[in-house]
Amino acid sequence: VTRRDEPLPDLISDAREGNARAVARLISLVEDASPRLRELMELLAPLGSLSGGAQVIGLTGAPGVGKSTTTGALVSAYRRRGQRVGVLAIDPSSPFSGGALLGDRVRMQEHATDPGVFIRSMASRGQLGGLSWATAQALRVLEATGFDVVLIETVGVGQAEVEIASLADSTVVLLAPGMGDAIQAAKAGILEVADVFVVNKADRDGADQTVRELKGMLSLGISAGAPGGWTPPVCKTIAARGEGIDEVVTALAQHGEWAAASGSRERRRIARARREIEAIALTQLRARMDELRGRATLDTLATGVASGELDPYAASDQLIAGVTS
Ligand SMILES: Nc1nc2c(ncn2[C@@H]2O[C@H](COP(=O)(O)OP(=O)(O)OP(=O)(O)O)[C@@H](O)[C@H]2O)c(=O)[nH]1
Ligand SMILES: [Mg+2]
C-alpha cells in the first residue's frame, strides 16, 4: 500500500489525534479535487454539527494592509490560549500559488514547527465557485479534525473576496491609514461584510482619522450590523508589533457568542452549505455535459434545432433530462 492509498478512516483518525501530516494529506485531497473526495466528505459528514466546530474567522482587506501579519499575530494569541489553529490563505485572483503566498509562509515561519498550527495556501481551481467550494471542504476537514479556530486570509478586493468572507462565522475587515481608506472600502461593498473592523498600522499618521471615518459610517448604518443588533467594533492595531491583538481576540470572542445566540452562525453555515451544494451540482452537470459534447445525443438535438424541427428550449429540456438520468 502506497502512502497515497492510505485508507481514509485511518487518515481521519490520525488527523483527529493531532497528526499534522494526516491533516495535510486530507487537505491535499481537497486541493487536488481527488476522486476520493466523495468518500472523504461522506466520512466527515457525521463528524460535523451545526452548533459545534471551529470559529471560522475570515480576514479581508486591500493588498498590503497587514492581513498576513495580523493572522500571524492572531495565531500566536490563540496558541497562548491553548487553541488549535488552522490558517487557510486564499488567492482568488490566481489559479496558481503566487508570490504573496510565499511571503505569507515566511511570515508564518515561527508557527511552522508547531503541531497545534496548520497552515496552507490554496489557489483557485479555476472553476466558477470552485474556490469557495474547495475552501468549504477544507474547512470541513479542519473542523472535523478538532481545530478550534480557523483563520481564512484572502488577497485582493472584489467579489471573490466577499464570497470567501461569506464562508466565515466572523469576518474581520482590515483597513490602514492612507491606503484603501474607509470610503474606498465602502464603495467596494467591503464594509457590509465586517463583523469586526481592524485599523492596522496605527503607528502611522491618520489612523485616528480612519477610525473616526469608520465610526461615522457605522453610525449612519452602513454595515452588516443592524439585524439582531451587532455593531461591529473598531479595533486599532500595530500588527507588526502584536499591539492591539488581544482586543481583536476579545471582539471576535464576543462576536462568536453573539452569532451563536442570535442564530446568525447557524444561518451563515446553512448558506455556506447551500452554495457548496450548488457549486458541486453545477460542476457535475458541466462535467456530464462535456461528456455528451460531440456525442450523438447533443449532435442530434443540435441538428434538430438548426433545421427547425425542434425549438432550443425543448432541446435543452431533453439534454438536461439525458444528463441527469
Ligand atoms: N508600519 C507598520 N507596518 C506593518 C504593520 N503590519 C504589517 N506591516 C507591514 O506591511 C506590509 C504588508 O503586510 P502583510 O501582512 O503582508 O499585508 P497583507 O495584507 O497580508 O498583504 P497581501 O497578502 O499582499 O494582500 C509588510 O511589510 C508588513 O511588515 C503595522 O502595524 N505597522
Ligand atoms: Mg498576505
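The values are calculated or read from the model by the stated rules, or taken from the named source; none is laboratory data. None of these values were measured; they are calculated from a predicted model. When we count neighbours, we look across all protein chains shown, and the Cβ atoms used for this are built from the backbone with ideal geometry, even at glycine. What goes into the accessible areas is simple: the full protein's heavy atoms, side chains included, and nothing from ligands, DNA or RNA. Shrake-Rupley method; radii C 1.70, N 1.55, O 1.52, S 1.80 Å.
Just a few scattered comments:
- Convex hull projection area averaged over all views, the range 270-314, Cα basis, nm²: 3.9 nm²
- Gain on full extension, evaluated as 0.36 nm per residue between T300 and S325 minus their Cα-Cα distance, stands at 7.2 nm.
- Protection proxy ranking, highest mean first, for peptides 249-261, 64-76: 64-76, 249-261, where packing is the per-residue count of other beta-carbon atoms within 10 Å, averaged.
- Stretchable slack from S34 to R274, in nm (0.36 nm times residue separation minus alpha-carbon distance): 84.2 nm
- A240-A287 pseudo-label distance in nm [points 7 Å out on the Cα-to-Cβ vector]: 4.7 nm
- FRET efficiency estimate (nearest 0.05) - Cβ-Cβ, E309 to S166, R0 45 angstrom: 0.50
- From the largest down, the range 26-86 spans 38, 27, 18 angstrom on the principal axes of its Cα atoms.
- Sequence of E39, E143 from largest to smallest accessible area, 1.4 Å probe: E39, E143
- Extending 7 Å from the Cα toward the beta-carbon at both S316 and E42 defines two label points whose distance is 3.4 nm.
- Over the range 210-325, the hull volume per residue, using the convex hull of the C-alpha atoms, is 222 Å³.
- In terms of packing, defined here as the mean over residues of other Cβ atoms within 10 angstrom, the peptides 78-90, 193-205, 264-276 line up highest first as 193-205, 78-90, 264-276.
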